[in-house]
Protein chains: 2
Amino acid sequence: MSDVEAMKKLVGAAAGELVESGMRLGLGTGSTANPFIEAVGQRLAEGEISNVVGVATSVASAELAGMVGIPIESLDGARLDLAVDGADEIGPSLDLIKGLGGAHLREKLVAARAERLVIVADASKLVTQLGTRAPVPLEVIEFGLAATVAELEDFGEPVLRVRGELPVVTDNGNLIVDLWAGLIDQAADLDRSLLALPGVIATGLFVGMANSAIVATDGGLAYLDRSFVG
Amino acid sequence: MSDVEAMKKLVGAAAGELVESGMRLGLGTGSTANPFIEAVGQRLAEGEISNVVGVATSVASAELAGMVGIPIESLDGARLDLAVDGADEIGPSLDLIKGLGGAHLREKLVAARAERLVIVADASKLVTQLGTRAPVPLEVIEFGLAATVAELEDFGEPVLRVRGELPVVTDNGNLIVDLWAGLIDQAADLDRSLLALPGVIATGLFVGMANSAIVATDGGLAYLDRSFVG
């Protein structure tokens with residue numbers, strides 16, 4: 001196991017310790033969320049916790065959860081106790097950029113229903129300002145794509161996400177535009193302005209949603225709380 | 001022809017007079033927008049105007065435009081000179097509720113690209129406050145529908161739109177929730193709050209978009225301009 005993988009496992013295990021019997025969990029997507037799902041499965045198998053159910057943010061997460069023995073439910077009207085997910089950038093006040101994996105709309109739906117959202121990441125994701133390295137991934141409607149792209153040019157450089165020659169299509173049947181917006185001063189304002197464009201369905205900006213973060217650093221794990229950063 | 005149909009024809013003809021040669025037009029959807037499309041076709045046929053192209057907000061509008069000889073283009077990056085469409089409610093400052101026909105997302109995309117949006121309607125659509133009779137139609141994502149409905153309960157009574165036993169599916173593959181929100185004080189604020197919900201893709205609130213309205217009243221046609229109402 002590489003150092004990076006070992007650190008992700010450590011972060012996932014730490015997040016797994018937050019899970020208590022009877023909880024409904026939001027299960028994030030990606031290489032940092034996966035070790036969390038595995039850790040929960042292990043605690044269930046060892047009998048440390050019981051009666052835990054998960055709501056998955058992607059097909060991949062649902063499959064992994066099934067493999068490690070976490071029962072999966074769909075996202076219904078009931079609230080979730082805890083959601084754990086990765087992020088592409090973690091900025092001041094734990095505002096986030098997510099969506100390089102393309103699952104951010106479902107991740108946001110799940111996060112919005114959770115009492116607590118805990119982010120798991122390595123230290124490379126910490127930035128002093130959002131937009132330092134990552135674009136803002138937008139889920140956009142296919143109809144009128146060129147018109148939406150034209151509107152987005154007021155905010156930066158919009159780039160349609162492709163894989164090979166073809167546009168990437170989300171689980172919801174929409175397209176993704178990565179908006180290179182430069183350093184982001186007011187994430188909440190930018191989020192609102194982007195959502196006001198009719199063709200923009202969802203943004204990868206998660207403003208005021210994360211409660212805490214568990215971050216792997218060279219010196220070990222760092223626990224960040226929204227109340228204490230920013 | 002009934003009185004209502006005669007009035008709609010009169011309104012459509014009046015809107016048709018706004019069209020000039022060389023214009024790119026947004027073509028609305030519904031029984032009040034249709035006579036406008038027919039009027040433009042007639043003016044083209046009679047040689048009063050030429051070089052007009054249309055961008056349709058629905059398959060039905062595209063078909064009608066084709067029948068009356070208006071060349072149809074897709075919504076690309078270029079701006080539209082004029083869009084003409086109906087509305088379900090016309091409130092102060094020409095803020096609108098649209099979407100009882102289920103085409104409001106495409107209508108909004110087209111309207112957003114137009115230099116001018118002119119609403120055609122009969123006087124029954126005029127209200128002193130939005131929400132007087134109509135719900136706010138929302139286009140919502142199918143994933144997590146129950147969670148979205150639960151969030152919407154903070155704003156009123158959300159009702160999934162069905163036809164027979166099955167949910168209505170939009171041209172974009174999403175569902176429609178009609179939100180009975182009561183009288184709406186601050187349409188712009190409500191719009192922003194609804195769009196901030198991850199599951200809400202589009203609202204039927206058109207705030208600050210319409211420039212003018214041509215309304216059929218018992219006394220004849222009334223021309224309303226955003227600058228002079230509200």
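The values are calculated or read from the model by the stated rules, or taken from the named source; none is laboratory data. All values derive from a computational prediction rather than experimental measurement. Cβ placement follows ideal geometry from the backbone for every residue including glycine, while neighbour counts extend to all protein chains displayed.
Checked against the criterion of being of a type in the set (Phe, Trp, Tyr) and either assigned to a helix (DSSP H, G or I) or at the interface with chain B (Cβ under 10 Å from one of its Cβ atoms) (or both), segment A:164-186 contains not a single residue that satisfies it.
Name the residue, out of A:121, A:147, A:188, A:213, that is surrounded by 15 or more Cβ atoms within 10 Å (Cβ to Cβ) and not assigned by TED's automatic domain parsing to the domain that holds residue A:7. It is A:147.
Here residue B:189 meets the list (1) out of contact with any Leu (no Cβ under 8 Å at 6 or more places or on another chain); (2) part of a loop (DSSP other than H, G, I, E, B) almost entirely, failing just condition (2).
Filtered by the rule that a residue be surrounded by fewer than 24 Cβ atoms within 10 Å (Cβ to Cβ) and either under 14 Å from residue B:151 (Cβ atoms) or touching a Phe, Trp or Tyr at 6+ places or on another chain (Cβ under 7 Å) (or both), segment A:96-114 gives A:112, A:114.
For (1) in contact with a strand residue (DSSP E or B) (Cβ under 8 Å, 6 or more places away or on another chain); (2) within 14 Å of chain B (Cβ to nearest Cβ); (3) within 30 Å of residue A:183 (Cβ to Cβ), each residue gets a yes or a no:
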| residue | (1), (2), (3) |
| --- | --- |
| A:73 | yes, yes, no |
| A:85 | yes, yes, yes |
| A:93 | no, no, yes |
| A:96 | yes, yes, yes |
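With respect to the conditions (1) in contact with a helix residue (DSSP H, G or I) (Cβ under 9 Å, 6 or more places away or on another chain); (2) buried (at least 20 other Cβ atoms within 10 Å of the Cβ), residue A:223 lacks only one, and its number is (2). Looking at residue A:138, is it under 30 Å from residue A:15 (Cα atoms) and outside any helix (DSSP H, G or I)? The answer is yes for residue A:138. None of A:140, A:118 is farther than 20 Å from residue A:32 by Cβ and touching a strand residue (DSSP E or B) at 6+ places or on another chain (Cβ under 7 Å) except A:140. Restricting attention to segment B:131-185, the residues that are touching a residue at least 24 places away in the same chain (Cβ under 8 Å) and of a type in the set (Lys, Arg) total 2. Would a scan of segment B:119-137 turn up a residue that is touching a helix residue (DSSP H, G or I) at 6+ places or on another chain (Cβ under 8 Å) and facing chain A (nearest Cβ under 10 Å)? Within segment B:119-137, not a single residue is touching a helix residue (DSSP H, G or I) at 6+ places or on another chain (Cβ under 8 Å) and facing chain A (nearest Cβ under 10 Å).
Any residue at all in segment A:147-159 that is among the hydroxyl-bearing types (Ser, Thr, Tyr) and either within 14 Å of another protein chain (Cβ to nearest Cβ) or assigned to a loop (DSSP other than H, G, I, E, B) (or both)? Checking segment A:147-159: at least one residue is among the hydroxyl-bearing types (Ser, Thr, Tyr) and either within 14 Å of another protein chain (Cβ to nearest Cβ) or assigned to a loop (DSSP other than H, G, I, E, B) (or both). Exactly one residue out of B:111, B:103 is in the same structural domain as residue B:36 (by TED's automatic domain parsing) and out of contact with any strand residue (DSSP E or B) (no Cβ under 7 Å at 6 or more places or on another chain): that is B:103. In the set A:205, A:195, only one residue is hydrophobic (A, V, I, L, M, F, W, C), free of Cβ contacts under 8 Å to residues at least 12 places away in the same chain, within 14 Å of chain B (Cβ to nearest Cβ) and buried (at least 21 other Cβ atoms within 10 Å of the Cβ); that residue is A:195. Among the residues of segment A:140-197, the one identified as closer than 26 Å to residue A:59 by Cα and in contact with a Ser or Thr (Cβ under 6 Å, 6 or more places away or on another chain) is A:140.
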